[in-house]
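Below is one structure, written out as structure tokens; the observations come after it.
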Amino acid sequence: MPAMLETRDVYHSYTLGALQVPVLKGVNLTLNEGETVSLVGKSGVGKTTLLQILGLLEPPTSGSVFLRGADVGRGSRSARSEIRRKNIGFVFQFYHLIRELTALENVLLAGRIGEPLGDFLRKGAAERDRARELLKRVGLEHRMKHRPGELSGGELQRVAIARAIFSQPALLLCDEPTGNLDAETGASILELLFGIQSELRSTLLLVTHDPELARRCSRMVRLVDGRVACAEEYRNGAAAARV
Ligand SMILES: Nc1ncnc2c1ncn2[C@@H]1O[C@H](COP(=O)(O)OP(=O)(O)O)[C@@H](O)[C@H]1O
Ligand SMILES: [Mg+2]
């Protein structure tokens, strides 16, 4: 069976005026079905950049991204967006919710971004029910009509998680999902994320600076100088190397 996700020699540079800033310098990474993997590395090393490429938000400068064996990383924007909508859920440190929309509308919209307008207009009630159900699942049945400005950090992240799992994605990409939350709120968000991961049996890739959190995953991948420096297995929660 092909891996859930695989990169082959992924390079990425940003262009700043006449300057090329190389960030990723040959990333080779394989995520198997149902694995939970933490991604660690110093600030600025390229973790967010890699997640955006794995999540098909950005094509890499060169190299390939395979999703269940299909070479998808460098397709057109609309092709990538459709694959993303069906297969990938994203959770960000700063939530990325739309301020003007209620919690319910934010969740609803998520499954639909990039969808042809005709389909968007045709569907309706069933999806609204599903969005309500998901907000209940994340403990926000009493906050459906609140807008982001009326929610706490933990609640915002719960909305973002409900949005991320709208399409029951096979792959969940989380970029420091508790980085902006206090310890207790962060812990409850993690319970929720890992609970959902085991319900959906999704593959989970989690960027974190928190050693405790990295240890909850089955494997850790460290990014150093634009490459995967080491991949360590954790067995039965055995003590991990420095994060
Ligand atoms: N849009 C951008 N344009 C130019 N440089 C960027 C852009 N986004 C990130 N970078 C640079 O790329 C490097 C990696 O950034 P990032 O992927 O956000 O790292 P991390 O998430 O590991 O902190 C940093 O040096 C950052 O300044
Ligand atoms: Mg980052």
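The values are calculated or read from the model by the stated rules, or taken from the named source; none is laboratory data. All of these numbers come straight from a predicted model, not from anything done at the bench. We place every Cβ from the backbone using ideal geometry, glycine too, and count neighbours over all the protein chains shown.
Points worth noting:
- Filtered by the rule that a residue be part of a strand (DSSP E or B) and crowded, with 19+ Cβ neighbours inside 10 Å, the stretch 60-94 gives Gly63, Val65, Leu67, Ile88, Gly89, Phe90, Val91.
- Subset of the stretch 130-150 that is in contact with a helix residue (DSSP H, G or I) (Cβ under 7 Å, 6 or more places away or on another chain) and in a loop (DSSP other than H, G, I, E, B) - its residue that is nearest to Leu192 (Cα to Cα): Val138
- Inspection of the stretch 20-32 finds no residue satisfying the criterion of being on the phi > 0 side of the Ramachandran plot and either in contact with a Cys (Cβ under 9 Å, 6 or more places away or on another chain) or in a loop (DSSP other than H, G, I, E, B) (or both).
Listed here are the residues, each with its yes/no results for (1) of a type in the set (D, E, K, R); (2) within 16 Å of ligand 2 (Cβ to nearest atom); (3) part of a helix (DSSP H, G or I).
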{"position": "Glu184", "(1), (2), (3)": "yes, no, yes"}
{"position": "Ile189", "(1), (2), (3)": "no, no, yes"}
{"position": "Leu192", "(1), (2), (3)": "no, no, yes"}
{"position": "Gln197", "(1), (2), (3)": "no, no, yes"}
{"position": "His209", "(1), (2), (3)": "no, yes, no"}
{"position": "Glu212", "(1), (2), (3)": "yes, no, yes"}
{"position": "Arg215", "(1), (2), (3)": "yes, no, yes"}
{"position": "Val221", "(1), (2), (3)": "no, yes, no"}
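- Screening Leu57, Leu97 for residues that are away from ligand 1 (no atom under 16 Å from the Cβ), under 30 Å from Glu150 (Cα atoms) and assigned to a loop (DSSP other than H, G, I, E, B) leaves exactly one candidate, Leu97.
- For the stretch 106-129, the set of residues classified as modelled with pLDDT under 90 and touching a helix residue (DSSP H, G or I) at 6+ places or on another chain (Cβ under 9 Å) consists of Leu108, Leu109, Ala110, Gly111, Arg112, Ile113, Gly114, Glu115, Glu127, Arg128, listed by residue number.
- If you go through the stretch 32-48 and keep only what is within 11 Å of ligand 2 (Cβ to nearest atom), more than 12 Å from the chain's Cα centre (by Cα) and farther than 15 Å from Pro211 by Cβ, you end up with Ser43, Gly44, Val45, Gly46.
- Scanning the stretch 201-240 for residues being modelled with pLDDT under 95, touching a Pro at 6+ places or on another chain (Cβ under 9 Å) and either farther than 14 Å from Leu39 by Cβ or among the hydroxyl-bearing types (Ser, Thr, Tyr) (or both) gives a total of 1.
- Residues of the stretch 1-22 satisfying the condition of being surrounded by 21 or more Cβ atoms within 10 Å (Cβ to Cβ) and near ligand 1 (Cβ under 9 Å from one of its atoms): His12
- So Gly69, is it within 16 Å of ligand 2 (Cβ to nearest atom) and closer than 30 Å to Ile196 by Cα: no
- Checked against the criterion of being closer than 22 Å to Arg222 by Cα and either away from ligand 2 (no atom under 16 Å from the Cβ) or of a type in the set (S, T, N, Q) (or both), the stretch 104-117 contains not a single residue that satisfies it.
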